[in-house]
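Scroll down for the structure; my scribbles are underneath it.
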Amino acid sequence: MINKEYDIVVVGAGPAGSMAARFAAEQGVSVLILEKDRDVGYPVRCGEAVSYAGVAEFIAPDERWINAHIKKFALISPDETEAVIEFDEEGLILERRIFDYELAKTASKAGAEILTRAYVNGLLYDDGKVSGVKFEHRGESKEVKAKIVIAADGVESRVGRWAGLKTHVDFRDMECCVQVTASGVNPDTDTCYFYFGKEYAPSGYLWVFPKGENIANVGLGVGGAIGKKSSALSFLNSFMEKKYPKASVLTSIAGGVPCSPTLDKISGPGIMLVGDAARQVNPLSGGGIASGMIGGKIAGTIAGESIRHKKPDHIFSYDKAWNDRLGKRHEIFNKIKNGIYGFTDEKFNSIAHSFNKVPKEKRALGNLFTTALIHNPSLLIDVAKVFLIK
Amino acid sequence: MITEYRLAKSGKLLIEILPDKCDFCGCCVGVCPEDAIELKEAEIFIIGPRCTNCAKCVWSCPIEVIKFNKDGVPVSKGQGL
């Protein structure tokens with residue numbers, strides 16, 4: 001049984017929502033998470049790649065939800081030249097349906113309550129301030145009051161707009177994605193493969209991420225403007241037919257990744273936005289697991305403090321705290337993305353060729369950037385900023 | 001026989017979602033400038049009176065589930081207002 005009122009209600013039980021709930025609940029305030037689907041962690045809408053460090057900040061890595069340990073990146077140009085980069089840090093391919101579940105358990109252990117099949121369809125207001133949510137649960141309309149609502153409702157991000165924040169993403173910045181998890185696909189189990197170019201995925205990239213022996217996530221994202229002519233699905237179908245005609249598809253999913261800088265405003269009276277809902281995604285890679293958890297942690301910590309110290313305005317400090325930790329860096333990544341997505345196939349090819357002339361022991365992500373920069377010097381300023389900001 | 005059409009913010013609604021093909025991923029909801037798409041766990045429809053027929057949802061759908069129907073969407077198709 002849930003109560004009529006909580007200090008904090010979190011909408012959405014993905015990684016960002018669970019971390020917001022956990023870091024608030026750890027301070028002893030009351031927290032309820034409402035999840036629209038019947039299961040936490042399912043359906044998965046994700047390529048499932050993340051850095052080891054990005055996960056380890058939040059939960060001890062556990063082989064039950066790790067499918068592969070990544071040591072190498074292979075970047076494949078339109079003429080199929082492979083530029084392989086050995087990683088000095090480790091990457092992971094997750095089993096998100098277990099991972100998300102375990103994250104939600106940490107929130108629950110900290111004292112947060114969780115209700116699934118709870119579809120939030122409106123907000124409550126008190127004197128212009130958000131003061132709770134309306135939701136449907138198993139066919140019944142319900143309401144719950146809250147001093148702070150944290151919107152972790154993913155790419156849709158409707159809760160924020162009901163609170164008056166501008167959350168909709170320019171369709172050109174939406175990476176429209178499809179992915180299959182397929183067996184009969186045999187990438188090296190320690191390598192993530194990225195394909196670039198207009199045949200594979202214009203204004204985006206195609207990925208092959210190993211999920212163990214003989215199985216991989218094969219997916220791609222294309223910029224929304226591409227969809228005027230061809231859908232993401234049509235690109236994936238032609239890649240699968242060409243490259244893996246005999247593969248068996250175990251799951252197929254669609255999804256949108258907002259590849260823009262963070263929203264200008266991610267807090268308002270009684271409301272905070274986290275994760276994809278706040279557009280806290282690395283716009284260059286499209287990765288949002290680690291950055292969403294960081295956003296959730298910052299928001300949950302600040303929300304808890306705001307309740308404990310009875311200072312409602314304290315939540316507005318969240319915007320700056322986020323921008324200092326990652327938001328500013330994402331702005332730079334976004335500029336680099338716009339530079340790279342403007343590259344022609346010829347440019348991708350010649351970058352890969354030049355990179356492969358670098359002696360093997362010296363090949364690193366930095367060299368690849370340097371090579372890319374020779375082709376587009378204006379990127380230099382943006383890259384320099386990435387390292388300056390930290 | 002007279003066909004009745006669903007209405008958009010002004011005029012006929014020209015955007016049609018094929019719910020049977022939908023993966024309920026939320027991409028279209030994220031790009032909709034008018035908050036005109038309702039999406040539940042496995043249920044989706046356009047809120048006609050809010051829709052401006054801008055077609056951004058059509059372009060962004062990864063799996064070709066949303067169509068631009070220049071003749072208008074009959075009332076008999078799809079749910080919602």
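The values are calculated or read from the model by the stated rules, or taken from the named source; none is laboratory data. If you're wondering where the values come from, they're calculated on a predicted model, not measured in any experiment. As a convention, Cβ positions derive from the backbone with ideal geometry for all residues, glycine included, and neighbour counts pool all protein chains shown. Quick note on the areas: whole protein, heavy atoms, side chains included, nothing else; ligands and nucleic acids left out. Shrake-Rupley method; radii C 1.70, N 1.55, O 1.52, S 1.80 Å.
For this structure, a couple of remarks:
- In the condition set (1) over 23 Å from A:LEU284 (Cβ atoms); (2) at pLDDT below 95; (3) of a type in the set (S, T, N, Q), A:SER141 is compliant with all but (2).
- Hits in region A:167-184 (condition: in a loop (DSSP other than H, G, I, E, B), touching a residue at least 12 places away in the same chain (Cβ under 8 Å) and either under 29 Å from A:GLY275 (Cβ atoms) or of a type in the set (Lys, Arg) (or both)): A:THR167, A:VAL169, A:ASP170
- Comparison of A:LYS166, A:LYS145 shows that the only residue that is open to solvent by 30 Å² or more (accessible area, probe 1.4 Å) and under 20 Å from A:MET1 (Cα atoms) is A:LYS145.
- For region A:232-266, the tally of residues that are in contact with a Cys (Cβ under 8 Å, 6 or more places away or on another chain), of a type outside the set (Gly, Ala, Ser) and facing another protein chain (nearest Cβ under 8 Å) stands at 1.
- When the test is whether a residue is assigned to a helix (DSSP H, G or I), of a type in the set (Gly, Ala, Ser) and under 23 Å from B:GLU64 (Cα atoms), A:GLY286 does not pass it.
- When region B:1-59 is limited to residues that are in contact with a Leu (Cβ under 7 Å, 6 or more places away or on another chain) and within 13 Å of another protein chain (Cβ to nearest Cβ), the one that is nearest to B:LYS70 (Cα to Cα) turns out to be B:ILE47.
- Unmet requirement for A:ASN186, which otherwise passes all of (1) open to solvent by 20 Å² or more (accessible area, probe 1.4 Å); (2) modelled with pLDDT under 95; (3) within 12 Å of chain B (Cβ to nearest Cβ): (3)
Residue-wise test of (1) outside the structural domain of A:GLY128 (by TED's automatic domain parsing); (2) surrounded by fewer than 23 Cβ atoms within 10 Å (Cβ to Cβ).
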position: A:ALA225; (1), (2): yes, yes
position: A:VAL249; (1), (2): yes, yes
position: A:ILE253; (1), (2): yes, yes
position: A:ASP264; (1), (2): no, yes
position: A:SER267; (1), (2): no, no
position: A:ALA277; (1), (2): no, no
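- Where A:TYR119 falls short, out of the listed (1) open to solvent by 60 Å² or more (accessible area, probe 1.4 Å); (2) within 14 Å of chain B (Cβ to nearest Cβ); (3) outside any helix (DSSP H, G or I): (1)
- The lone criterion from (1) away from every other protein chain (no Cβ under 14 Å); (2) closer than 28 Å to A:GLU143 by Cβ left unmet by A:PRO43 is number (1).
- Boolean, A:ASP79 is of a type in the set (Asp, Glu), in contact with a helix residue (DSSP H, G or I) (Cβ under 7 Å, 6 or more places away or on another chain), open to solvent by less than 40 Å² (accessible area, probe 1.4 Å) and touching a residue at least 60 places away in the same chain (Cβ under 8 Å): no
Here is a yes/no grid of residues against (1) of a type in the set (S, T, N, Q); (2) over 22 Å from the mean Cα position of the chain (by Cα); (3) within 8 Å of chain B (Cβ to nearest Cβ); (4) closer than 23 Å to A:GLY287 by Cβ:
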residue	(1), (2), (3), (4)
A:ILE148	no, yes, no, no
A:ALA151	no, no, no, yes
A:GLU156	no, no, yes, yes
A:GLY160	no, no, no, yes
A:ALA163	no, yes, no, no
A:VAL169	no, no, yes, yes
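- Verdict on A:GLU143 being acidic (Asp, Glu) and within 12 Å of chain B (Cβ to nearest Cβ): no
- Of all residues in region A:1-16 being outside any strand (DSSP E or B) and out of contact with any Lys or Arg (no Cβ under 8 Å at 6 or more places or on another chain), the one that is surrounded by the fewest Cβ atoms within 10 Å (Cβ to Cβ): A:MET1
- Those residues of region B:60-76 which are away from chain A (no Cβ under 11 Å) and not acidic (Asp, Glu), in sequence order: B:LYS67, B:ASN69, B:LYS70, B:GLY72, B:VAL73, B:PRO74, B:VAL75, B:SER76
- Test set (1) of a type outside the set (Ser, Thr, Tyr); (2) open to solvent by 50 Å² or more (accessible area, probe 1.4 Å); (3) over 21 Å from A:TYR119 (Cβ atoms) - B:LEU18 fails condition number: (2)
- For region A:204-231, a tally of residues being within 14 Å of chain B (Cβ to nearest Cβ), more than 20 Å from A:PHE73 (Cβ to Cβ) and in a loop (DSSP other than H, G, I, E, B) returns 3.
- From A:PRO210, A:PRO258, residue being open to solvent by less than 20 Å² (accessible area, probe 1.4 Å) and closer than 23 Å to A:ILE66 by Cβ: A:PRO210
- Yes/no for A:GLY296 being modelled with pLDDT of 90 or more, touching a Gly at 6+ places or on another chain (Cβ under 6 Å), open to solvent by less than 40 Å² (accessible area, probe 1.4 Å) and not in a loop (DSSP other than H, G, I, E, B): no
- The single residue among A:ASP88, A:ASP100 that is surrounded by 21 or more Cβ atoms within 10 Å (Cβ to Cβ) and either out of contact with any strand residue (DSSP E or B) (no Cβ under 6 Å at 6 or more places or on another chain) or in a helix (DSSP H, G or I) (or both) turns out to be A:ASP100.
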